[in-house]
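See below for the structure under consideration.
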Amino acid sequence: MNSQSISNFHTHTELCQHASGRPSDYVKVANKDGCSELGFSDHCPYPYELGINWDGCRMRPEQLGEYIQDVKDAARLADFKVHLGFECEYDRSFINWYKDELKGKCGAEYLVFGPHWVTVGKEHPYIPEINHDKKLLYKYTDQVIEGLQSGLYAFLAHPDLFMQGWKEWDSDTEACLKNILECAESEGLPVEVNGLGMHKGSFMTSRGERYGYPYHEFWKMVASSGVKVICNSDSHLPEHVIANARRARQFALDYGITPVETIF
Ligand SMILES: [Zn+2]
Ligand SMILES: [Zn+2]
């Protein structure tokens, strides 16, 4: 091992149906790649009675016990501390589920705020696919801000995820991300450099080559703000768990940002 051990608090498992590997597979790679602390934050399930239809890309509520047991079993193999968490959307109607079930009964040590959709009545458009609909972007921003103020979460994952679809930096993306940034700062919540976004690669824009996220212009704003920053892999494959967190960390360092090492 020639590089420093680092932390990662954004880790998925095969239970979400779009990742590979069980918690023990992630721990084995993390042992080898140099890990100081590891948090599992698989996409949480939603109770059927809420009528949210994300069944194809989330674990089912009846799999919660299996997830918790898998994380416990994996922790026994780890050379570092392992934490149980979930990555969650924000919507007012989910608050009790998070508090009573995930934090209460399941004993989740933390919740990651990973907003992927905007609520429009019974519809939930996916945020990288809103296709320059400004009204939706501002609605999404309001929803993110309400989530940041809810007191439910430990940090904000991929704050700039929508740039993957929006692609060009403009006055609207700047205004929305500035609002999100200022809210995270005043709530004392770290914003995340997301290694999965880097793994997805870059594309050409009128201002040059950019990752969809972490997006250059946004991270310049972050660097000149006082907000806390966390670097995670958002791994959906065991081999990415530390490698992509390391890339995210290097990204932050390149912007002159000193990331936080832990959320505990
Ligand atoms: Zn995912
Ligand atoms: Zn994630």
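Ser36 is checked against (1) crowded, with 19+ Cβ neighbours inside 10 Å; (2) under 18 Å from Tyr110 (Cα atoms) and fails just one. What number does that condition carry?
All conditions are met except number (1).
Sort out which residues of the stretch 234-264 are away from ligand 1 (no atom under 15 Å from the Cβ), among the β-branched types (Val, Ile, Thr) and in a loop (DSSP other than H, G, I, E, B), and write them in order of number.
Residues satisfying the conditions are Ile242, Ile257, Thr258, Thr262, Ile263.
Of the residues that make up the stretch 87-95, is at least one exposed (fewer than 15 other Cβ atoms within 10 Å of the Cβ), closer than 29 Å to Val222 by Cα and within 16 Å of ligand 1 (Cβ to nearest atom)? Before the answer, list the steps.
Residues of the stretch 87-95 exposed (fewer than 15 other Cβ atoms within 10 Å of the Cβ): 92-93, 95.
Those left that are additionally closer than 29 Å to Val222 by Cα: 92, 95.
Imposing the further condition that a residue be within 16 Å of ligand 1 (Cβ to nearest atom) reduces the set to none.
Looking through the stretch 87-95, none of the residues is exposed (fewer than 15 other Cβ atoms within 10 Å of the Cβ), closer than 29 Å to Val222 by Cα and within 16 Å of ligand 1 (Cβ to nearest atom).
Do we find a residue being within 15 Å of Leu253 (Cα to Cα), without any contact (Cβ under 8 Å) to a residue 40 or more places away in the chain and out of contact with any strand residue (DSSP E or B) (no Cβ under 8 Å at 6 or more places or on another chain) anywhere in the stretch 189-207? Even if it seems obvious, please write down each step before you answer.
First, pick out the residues of the stretch 189-207 that are within 15 Å of Leu253 (Cα to Cα): 191-195, 198.
Going one step further and asking which of them are without any contact (Cβ under 8 Å) to a residue 40 or more places away in the chain, we end up with 191.
This time we only want the ones that are out of contact with any strand residue (DSSP E or B) (no Cβ under 8 Å at 6 or more places or on another chain), so: none.
No: zero hits.
Every residue in the stretch 1-13 that is touching a Lys or Arg at 6+ places or on another chain (Cβ under 8 Å) and of a type outside the set (Val, Ile, Thr), please.
Going residue by residue through the stretch 1-13, those that are touching a Lys or Arg at 6+ places or on another chain (Cβ under 8 Å) are 3, 6, 13.
Matches in the stretch 1-13: Ser3 only.
Okay, residues lined up against (1) within 13 Å of ligand 1 (Cβ to nearest atom); (2) at pLDDT 95 or above:
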{"position": "His12", "(1), (2)": "yes, yes"}
{"position": "Pro23", "(1), (2)": "no, yes"}
{"position": "Lys28", "(1), (2)": "no, yes"}
{"position": "Asn31", "(1), (2)": "no, yes"}
{"position": "Ser36", "(1), (2)": "no, yes"}
{"position": "Gly39", "(1), (2)": "no, yes"}
{"position": "Pro47", "(1), (2)": "no, no"}
{"position": "Leu50", "(1), (2)": "no, no"}
{"position": "Asp55", "(1), (2)": "no, no"}
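Here is a check on your reading of the model: is Phe155 farther than 21 Å from Trp54 by Cα, surrounded by 20 or more Cβ atoms within 10 Å (Cβ to Cβ) and aromatic (Phe, Trp, Tyr)? Can you show your working first?
Details: farther than 21 Å from Trp54 by Cα: yes; surrounded by 20 or more Cβ atoms within 10 Å (Cβ to Cβ): yes; aromatic (Phe, Trp, Tyr): yes.
Yes, satisfied.
One line per residue, one yes/no per condition, for (1) under 28 Å from Thr13 (Cα atoms); (2) within 16 Å of ligand 2 (Cβ to nearest atom); (3) among the β-branched types (Val, Ile, Thr):
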residue	(1), (2), (3)
Val193	yes, yes, yes
Ser206	no, no, no
Arg210	no, no, no
Tyr215	yes, no, no
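Quick grid of which residues meet (1) in contact with a Lys or Arg (Cβ under 6 Å, 6 or more places away or on another chain); (2) within 16 Å of ligand 2 (Cβ to nearest atom); (3) not in a helix (DSSP H, G or I):
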{"site": "Leu15", "(1), (2), (3)": "no, yes, no"}
{"site": "Asn31", "(1), (2), (3)": "no, no, no"}
{"site": "Tyr46", "(1), (2), (3)": "no, yes, yes"}
{"site": "Asn53", "(1), (2), (3)": "no, no, yes"}
{"site": "Met59", "(1), (2), (3)": "no, yes, yes"}
{"site": "Asp70", "(1), (2), (3)": "yes, no, no"}
{"site": "Asp73", "(1), (2), (3)": "no, no, no"}
{"site": "Asp79", "(1), (2), (3)": "no, no, yes"}
{"site": "Leu84", "(1), (2), (3)": "no, yes, yes"}
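Exactly one condition in (1) within 28 Å of Ser7 (Cβ to Cβ); (2) in contact (Cβ under 8 Å) with a residue 40 or more places away in the chain; (3) surrounded by 17 or more Cβ atoms within 10 Å (Cβ to Cβ) is not met by Lys81; state its number.
Going through (1) within 28 Å of Ser7 (Cβ to Cβ); (2) in contact (Cβ under 8 Å) with a residue 40 or more places away in the chain; (3) surrounded by 17 or more Cβ atoms within 10 Å (Cβ to Cβ) one by one, Lys81 breaks only (3).
Filter the stretch 118-134 down to residues that are of a type outside the set (Val, Ile, Thr) and outside any loop (DSSP other than H, G, I, E, B) and give me whichever is farthest from Phe162 (Cα to Cα). So that I can check it myself, show each step before the final result.
Kept after step one, since they are of a type outside the set (Val, Ile, Thr), are these residues of the stretch 118-134: 121-126, 128-129, 131-134.
Filter once more, so that each one left must be outside any loop (DSSP other than H, G, I, E, B): 123, 126, 128-129, 134.
Details: Glu123: 17, Tyr126: 9, Pro128: 4, Glu129: 8, Lys134: 12 Å.
Out of the qualifying residues, it is Glu123.
The values are calculated or read from the model by the stated rules, or taken from the named source; none is laboratory data. For clarity, every value in this text was computed on a predicted model and none was experimentally measured. All Cβ positions, glycine included, derive from the backbone under ideal geometry; neighbour counts span all protein chains shown.
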